[in-house]
1. Compute the whole-percent fraction of alpha carbon pairs in the chain spaced more than 26 Å apart.
2. Please list, ordered by chain and number, the residues whose modelled amide H lies under 5 Å from the amide H of Phe187; skip anything fewer than 5 residues away on the same chain.
3. Kindly identify the range 9-131 as rounded, prolate or oblate by the Cα gyration tensor criterion: order the square roots of the eigenvalues as a ≥ b ≥ c, call it rounded if a/c is under 1.5, otherwise compare a/b with b/c, prolate if a/b is larger, else oblate.
4. Given labels modelled 7 Å from the Cα in the Cβ direction, how far is it in nm from Glu65 to Glu39?
5. With a point put 7 Å past each Cα toward its Cβ, work out how far Lys78 is from Asn278 in nm, to one decimal.
6. Applying the Karplus parametrisation 6.51 cos²θ - 1.76 cosθ + 1.60 with θ = phi - 60° to the phi angles of the range 174-191, what ³J(HN,Hα) value in whole Hz is obtained for each residue in order, glycine and proline being reported as x?
7. Once amide H atoms are placed 1.01 Å from N in the peptide plane, what residues at a sequence separation of 5 or more from His53, or on another chain, have their amide H within under 5 Å of its amide H?
8. Please sort 63-72, 42-51 by packing, taking for each peptide the average over its residues of neighbouring beta carbons within 10 angstrom, highest first.
Amino acid sequence: MFMADKCAVEVVIKLGGSAVTHKNVFETVKREAILAAAELVKKLPAEKCIVIHGAGSFGHFQAHEYGTAHGFSNDTSKGRIGFAKTRLSVTKLLHIITEVFVDSGIPALGISPCGSWVTRKGRVNRVTLSPIIELLQEGFVPVLHGDCVLDDAQSCAILSGDKIIEKLVEELRPRRVVFLTDVDGIFDKPPEKPDASLLREVFVKSDGGFSNAITTSSLEHDVTGGVRGKLQTASNIIHLSKGNTRVFVLNIMSGSDAYSVCALGVLEGKGTEILAENV
């Protein structure tokens, strides 16, 4: 398609919702983590970097309360209010992150998916990527986010940042996707467990499953799937790119390690790389 030929994307960076917000505290950011992300992005070539952030404690509570992920249901008026409240919340976070980036000297421009991305039963059905491509070509850093969008089958749905990444991988074929989280990578069980072990590599099998044994958990109000959803996204990226897009998970506060991975795709003894089993 038009996209990959027109724009060589080096890295797509995902700022996890838990990394940039206190996920169990309503609409509360971790400003030091956003500043760390800004310092990282500032060092990268603007025209080759796309940033996507999760919603964290912005939007998830409203979406859960109103059931926005499942459409307007029978009460369309209430559903529209829930849709509007969710969007109002997630765009607050977009503004905060973009403002920190711009104040740090990054030519960042926030782009909301609502209006240009449309799903069908929660799956991306129609999308217009040309604004992202054009901004990249002009040296800007597009900043996207998980959002609520219109849906062809159920009126509305939640479009997670991870689903956005999958579409970008399919169309733009970035060399690397880096998930910046609030932990050091993927663990074999929830990292708060005393016997949890960091996995340096996670292998995706041909059927989309994982060779490693991994136990996950997620918060009740997380409507986008939590860690399980992130692992599935990583598996989808590997298959969509036929293993050509490298996938990494590491701590947003890891400084030089995060820069090294985002710029070059190498690990400095920290983090996790997710790759095809036969690589």
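Nothing in this text is a laboratory measurement; each read-out follows from the coordinates by a stated rule. The model shown is predicted, which means the values in this text are computed figures rather than measured ones. Neighbour counts are summed over all protein chains in view; Cβ atoms, including those assigned to glycine, are modelled from backbone coordinates with ideal geometry.
1. Values: 14942 of 38781 pairs.
For the chain, the fraction of Cα-Cα distances above 26 Å is 39 percent.
2. Long-range HN contacts for Phe187: Leu199.
3. Numbers: a/c = 2.54, a/b = 1.50, b/c = 1.69.
Oblate shape, in that a/c is at least 1.5 and b/c is the bigger or equal ratio.
4. So the two model labels end up 3.6 nm from each other.
5. Between Lys78 and Asn278, the label points sit 5.2 nm apart.
6. Listing the rounded values in order: x, 6, 9, 10, 10, 8, 9, 10, 9, 10, 7, x, 8, 9, 6, 7, x, x Hz.
7. Amide H neighbours of His53: Leu15, Leu144, His145, Gly146.
8. Working: 63-72: 19.8, 42-51: 18.1.
Highest mean packing first, the order is 63-72, 42-51.
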